[in-house]
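The structure under discussion appears below in the form of structure tokens.
The values are calculated or read from the model by the stated rules, or taken from the named source; none is laboratory data. All figures in this text were calculated on a predicted structure; none of them were measured in a lab. Note that each Cβ is placed from the backbone with ideal geometry, even for glycine, and that neighbours are counted across all protein chains shown. In case anyone asks, the SASA skips ligands and DNA or RNA and just uses the protein heavy atoms, side chains included. Shrake-Rupley method; radii C 1.70, N 1.55, O 1.52, S 1.80 Å.
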Amino acid sequence: MSATERIAAAIIGCGVIGVTHARAIRALPGIATVALVDGRRDAAEALAQQIVDSGAERPRVFGDLGELIASGLHCDLVVVATPSGLHVELGVAALEAGMHVVIEKPIDVDVARARKLGAAAARAPHLVCTVISQHRYDAGNRFLARTIADGRLGRVTSAIASVPWWRSQEYYDSGSWRGTWRLDGGGALMNQGVHTVDVLLWMLGRPVTVSADIALLAHEGVEVEDTATASIRFDSGALAVLHATTAAYPGLGTRLQVMGTDGTAIVEDDDLAYLHTASGETAGRDRADHSAAAGIPEIELPELLTETDDFTRGHIRQYLDVLEALATGRPPRVTVDDALLALATVRAVYVSAVTATRVSIDDVLAGRHDDVTAALPD
């Protein structure tokens, strides 16, 4: 696809996260939202009006993906922003219709379905298929990843990853799919913590085994956990502690602490907060651009970005990667396999909690635990 061609995008799902994708697309030249798909026509029409109010052309509205495909409207890229349990079904359908795909995290809630998306993407190598993992594009995380890769922390021995957030009862009551195993796929870890899981795996490599507990401690009428803890062993031998909760009033920032034989680094809310190495290298929040300091050119962002919130900035950075992949034919930096591994790790936490055993990630990926019904242990 030529770098000068405008990418025509369709967004499926016009709720909160669909709005985020629409804002990210609006901030970038060379891509435009031409279609909105949602069974709730009022939600689609409301988002269409927001897009018009931002100065863009009004997208067409459809009730489902099949209706969009049947319309003959030219569409290069489909964005899947529905409840998580519907991601793979829609992603596969879009790939089979010849369209590139961007899926909001997680890839899905079911590993078996996620493997089907991987197979569909493998059958269409000319198409881009990626899953939103926008925190890989934040300056602090990129700096830490480069620091680890360069060996400046020595041998990485352990890590602590925490997502101490708060979600009110009203949050879970706001949608019938929220807090369900079928469509939400889990709670604090699957929905809120999966991004931190992804970054942890990016930093430490392939996970091998998981031992975990989950609990529902602060909410009612919810099937899933609001608190999860896990111990993860990596192929390198490193160990990590993972913590995610939506029961930490009033909510604190995410924190990733990585320790090695030659140094320690801490990233808080995706900004580098601390670095100290045996070679005397130190850094903290006073260093404005840690990506540049690591020799990684920061992605140039458009002026319109200043009008968007921090949450949308990460999506914009990942869309820039998608646009470059479309223009050059290279794979996106976040692959389906990356997202599948993050999902398998989350699922391993649930399997471990339910079965009270240490669980192999490879077993989860191979489908040996597909029949384990996620449920809070007694």
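If I filter region 84-92 for residues that are at pLDDT 95 or above and in a loop (DSSP other than H, G, I, E, B), do I get at least one hit?
Scanning region 84-92 turns up no residue that is at pLDDT 95 or above and in a loop (DSSP other than H, G, I, E, B).
Name every residue in region 182-226 that is hydrophobic (A, V, I, L, M, F, W, C), part of a loop (DSSP other than H, G, I, E, B) and surrounded by fewer than 19 Cβ atoms within 10 Å (Cβ to Cβ), in order of residue number.
Once the filter is applied, which keeps residues that are hydrophobic (A, V, I, L, M, F, W, C), part of a loop (DSSP other than H, G, I, E, B) and surrounded by fewer than 19 Cβ atoms within 10 Å (Cβ to Cβ), region 182-226 yields Leu183, Leu216, Leu217, Ala218.
Determine which member of the set Tyr319, Tyr249 is open to solvent by 10 Å² or more (accessible area, probe 1.4 Å) and at pLDDT 95 or above.
None of the other options fit; the residue is Tyr249.
Residue by residue through region 39-81, note down the ones that are under 24 Å from Ala27 (Cα atoms), within 26 Å of the chain's Cα centre (by Cα) and of a type in the set (D, E, K, R).
The answer is Asp76, and nothing else.
For Val109, only one of the following conditions fails: (1) touching a residue at least 40 places away in the same chain (Cβ under 8 Å); (2) out of contact with any Pro (no Cβ under 8 Å at 6 or more places or on another chain); (3) part of a loop (DSSP other than H, G, I, E, B); (4) open to solvent by 50 Å² or more (accessible area, probe 1.4 Å). What is its number?
(4)
Scan region 65-75 residue by residue and report those that are open to solvent by 20 Å² or more (accessible area, probe 1.4 Å) and either among the hydrophobic types (A, V, I, L, M, F, W, C) or under 20 Å from Ala32 (Cα atoms) (or both).
Selection gives Glu67, Ile69, Ala70, Ser71, Gly72, Leu73, His74.
Of these, Arg115, Arg23, which one is part of a helix (DSSP H, G or I), under 17 Å from Val334 (Cα atoms) and not hydrophobic (A, V, I, L, M, F, W, C)?
Arg115
Scan region 145-158 and tell me whether some residue there is open to solvent by 10 Å² or more (accessible area, probe 1.4 Å), assigned to a loop (DSSP other than H, G, I, E, B) and either within 22 Å of Gly251 (Cβ to Cβ) or among the β-branched types (Val, Ile, Thr) (or both).
Residues of region 145-158 that are open to solvent by 10 Å² or more (accessible area, probe 1.4 Å), as a first pass: 145-146, 148-152, 154-158.
Now narrow it down to the ones that are assigned to a loop (DSSP other than H, G, I, E, B): 150-152, 154-155.
Restricting the remaining residues to those that are either within 22 Å of Gly251 (Cβ to Cβ) or among the β-branched types (Val, Ile, Thr) (or both) gives none.
No - not one qualifying residue is present in region 145-158.
Out of everything in region 27-40 that is modelled with pLDDT of 95 or more and not hydrophobic (A, V, I, L, M, F, W, C), what residue ends up being farthest from Met99 (Cα to Cα)?
Per the stated criteria, the residue is Arg40.
Mind listing whichever residues of region 32-64 are out of contact with any Leu (no Cβ under 6 Å at 6 or more places or on another chain), open to solvent by less than 60 Å² (accessible area, probe 1.4 Å) and touching a residue at least 24 places away in the same chain (Cβ under 8 Å)?
Residues satisfying the conditions are Ala32, Thr33, Val34, Asp38, Ala43, Ala46, Ile51, Ser54, Ala56, Gly63.
What are the residues in region 161-181 that are touching a strand residue (DSSP E or B) at 6+ places or on another chain (Cβ under 9 Å) and outside any loop (DSSP other than H, G, I, E, B), if any?
Answer for region 161-181, where residues must be touching a strand residue (DSSP E or B) at 6+ places or on another chain (Cβ under 9 Å) and outside any loop (DSSP other than H, G, I, E, B): Ala161, Ser162, Val163, Pro164, Trp166.
Take the residues in region 8-25 that are in contact with a His (Cβ under 8 Å, 6 or more places away or on another chain) and β-branched (Val, Ile, Thr), then tell me which one is nearest to Val78 (Cα to Cα).
Looking at the filtered set, the residue picked out is Ile11.
Taking region 261-271 as the search range and keeping residues that are within 20 Å of Val197 (Cβ to Cβ) and assigned to a strand (DSSP E or B), which one is modelled with the lowest pLDDT? If you could, list the steps in order and put the result at the bottom.
So the first thing to find is which residues in region 261-271 are within 20 Å of Val197 (Cβ to Cβ), and the list is 265-271.
Imposing the further condition that a residue be assigned to a strand (DSSP E or B) reduces the set to 265-268, 271.
On the way: Ala265: 97, Ile266: 97, Val267: 96, Glu268: 96, Asp271: 91.
Out of the qualifying residues, it is Asp271.
If Val78 satisfies every condition in (1) assigned to a helix (DSSP H, G or I); (2) of a type in the set (A, V, I, L, M, F, W, C); (3) closer than 30 Å to Pro331 by Cβ but one, which is the exception?
Condition (1) is where Val78 drops out.
Collect the residues in region 154-199 that are in contact with an Asp or Glu (Cβ under 9 Å, 6 or more places away or on another chain) and polar (S, T, N, Q), keeping them in residue-number order.
Those that are in contact with an Asp or Glu (Cβ under 9 Å, 6 or more places away or on another chain) and polar (S, T, N, Q): Gln169, Thr180, Asn191.
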